[in-house]
Amino acid sequence: MKKQITVYLTVMVVAMIFGASVFTALVIGLVDSENPLPLKSPYLYLGLAIGLIAEFLIAVLLCRHVVRRIVEPVEKLAENPEDTSVKLYRELEPVARTMREQHEEIVKNDRMRSEFTANVSHELKTPLTAISGYAELIESDMGSAEDRKHFADEIHRNSNRLLMLIDDIIRLSELDTAQIQVDMENVNLLEIAQSCVENLKTSAADHKVTLHVDGKPAHMKADRTMMEELIFNLCDNAIRYNNEGGSVFVNVSANRGVVLLSVKDTGIGIPKEHQERIFERFYRVDKSRSKRSGGTGLGLAIVKHVAALHHGEITVDSEAGQGTEIKIAFS
């Protein structure tokens with residue numbers, strides 16, 4: 001678009017210069033003729049002024065016409081980016097493509113914000129309702145001592161879930177902030193993976209899942225706390241969505257400056273149509289299983305943010321019923 005406008009404006013300027021030169025030559029010719037127009041005559045300067053003004057006005061009008069023809073399709077496209085009937089100059093096609101991509105991104109983000117707001121309300125309301133209900137039963141002195149113990153256990157469980165949700169929401173909000181502080185240092189990713197697996201052994205035992213970690217030392221510049229969060233969430237997710245007697249395999253390797261992290265499970269797998277959305281907040285493939293597993297639905301969203309902050313590229317390899325492998329390549 002800029003190129004098109006520049007060409008037209010250049011032509012106009014050249015035309016003005018050429019016209020002014022011809023006009024000046026004619027005036028000089030009149031002055032140098034046998035019956036020259038007196039140089040002190042007001043008609044000479046009046047004619048020169050009128051000619052220059054007319055030439056300037058014509059150039060301005062032509063430029064406005066050209067610019068209007070160029071800008072008009074862009075304005076139509078801005079009003080309705082999905083309109084494919086708008087005729088564009090070849091030079092404007094990259095601009096149109098960018099506008100359509102930005103429009104699609106805005107629509108997608110708006111949908112995700114709406115879904116996030118609705119999901120947050122629902123996820124926070126569920127444990128709060130349970131806590132309120134059980135507390136009311138205890139207050140009314142209903143049930144036996146054994147029932148009241150059960151009520152207290154449910155209040156404690158739902159309180160922990162509520163705290164986990166709030167912590168993850170706050171963490172995501174921090175990761176969304178452009179000014180977030182990332183404390184880069186030299187870390188050994190294999191060492192961090194081994195530590196995370198060790199911390200998750202109790203949870204794995206409760207789900208009857210076996211954890212395995214192997215690989216070679218892989219050093220990289222990273223925020224240690226964030227990398228712990230990333231590996232912990234990937235492994236925790238692999239445990240929760242696994243089958244009894246299943247396994248989780250964590251592997252770390254390095255090759256030509258690229259550090260590769262792989263977390264593979266033998267769980268329920270992810271259908272192809274859901275794989276693009278699993279990193280969205282609160283998105284759940286199997287909602288009934290998610291509630292039983294006790295996850296917040298925000299773990300993979302945190303993984304996505306941390307990977308992006310460390311220039312990591314995520315790939316998902318999964319099939320329903322065949323398990324899932326998530327790889328992150330840090331370059």
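Scan the range 143-152 and tell me whether some residue there is loosely packed, with under 13 Cβ neighbours inside 10 Å and outside any helix (DSSP H, G or I).
Scanning the range 143-152 turns up at least one residue that is loosely packed, with under 13 Cβ neighbours inside 10 Å and outside any helix (DSSP H, G or I).
Determine whether PHE232 is aromatic (Phe, Trp, Tyr) and not in a strand (DSSP E or B).
yes
For the range 178-201, check the following and say yes or no: at least one residue is modelled with pLDDT under 90 and part of a helix (DSSP H, G or I).
no
Look through HIS207, HIS212 and report the one residue that is in contact (Cβ under 8 Å) with a residue 24 or more places away in the chain, in the same structural domain as VAL306 (by TED's automatic domain parsing) and surrounded by fewer than 15 Cβ atoms within 10 Å (Cβ to Cβ).
Testing whether each residue is in contact (Cβ under 8 Å) with a residue 24 or more places away in the chain, in the same structural domain as VAL306 (by TED's automatic domain parsing) and surrounded by fewer than 15 Cβ atoms within 10 Å (Cβ to Cβ) leaves just HIS212.
State whether the residues of the range 217-226 include one that is outside any loop (DSSP other than H, G, I, E, B), modelled with pLDDT of 90 or more, within 27 Å of ASN109 (Cβ to Cβ) and outside the structural domain of VAL120 (by TED's automatic domain parsing).
Scanning the range 217-226 turns up at least one residue that is outside any loop (DSSP other than H, G, I, E, B), modelled with pLDDT of 90 or more, within 27 Å of ASN109 (Cβ to Cβ) and outside the structural domain of VAL120 (by TED's automatic domain parsing).
Within the group GLU123, GLU91, GLU55, which residue is acidic (Asp, Glu), surrounded by 12 or more Cβ atoms within 10 Å (Cβ to Cβ) and modelled with pLDDT of 70 or more?
Checking each option against the conditions leaves just GLU123.
It is to be established whether one or more residues within the range 134-142 are surrounded by fewer than 11 Cβ atoms within 10 Å (Cβ to Cβ), more than 30 Å from the chain's Cα centre (by Cα), part of a helix (DSSP H, G or I) and at pLDDT 80 or above.
yes
Look through VAL258, VAL263, VAL252 and report the one residue that is modelled with pLDDT of 95 or more and farther than 24 Å from MET164 by Cβ.
Selected residue: VAL252, the only one of VAL258, VAL263, VAL252 that is modelled with pLDDT of 95 or more and farther than 24 Å from MET164 by Cβ.
Out of the residues in the range 241-266 meeting the condition of being surrounded by fewer than 20 Cβ atoms within 10 Å (Cβ to Cβ) and outside any strand (DSSP E or B), tell me which one is nearest to the chain's Cα centre (by Cα).
So, considering only residues that are surrounded by fewer than 20 Cβ atoms within 10 Å (Cβ to Cβ) and outside any strand (DSSP E or B), the one nearest to the chain's Cα centre (by Cα) is GLY257.
The values are calculated or read from the model by the stated rules, or taken from the named source; none is laboratory data. The model shown is predicted, which means the values in this text are computed figures rather than measured ones. Counting neighbours? That spans all protein chains shown, and the Cβs are built from the backbone with ideal geometry, glycine included.
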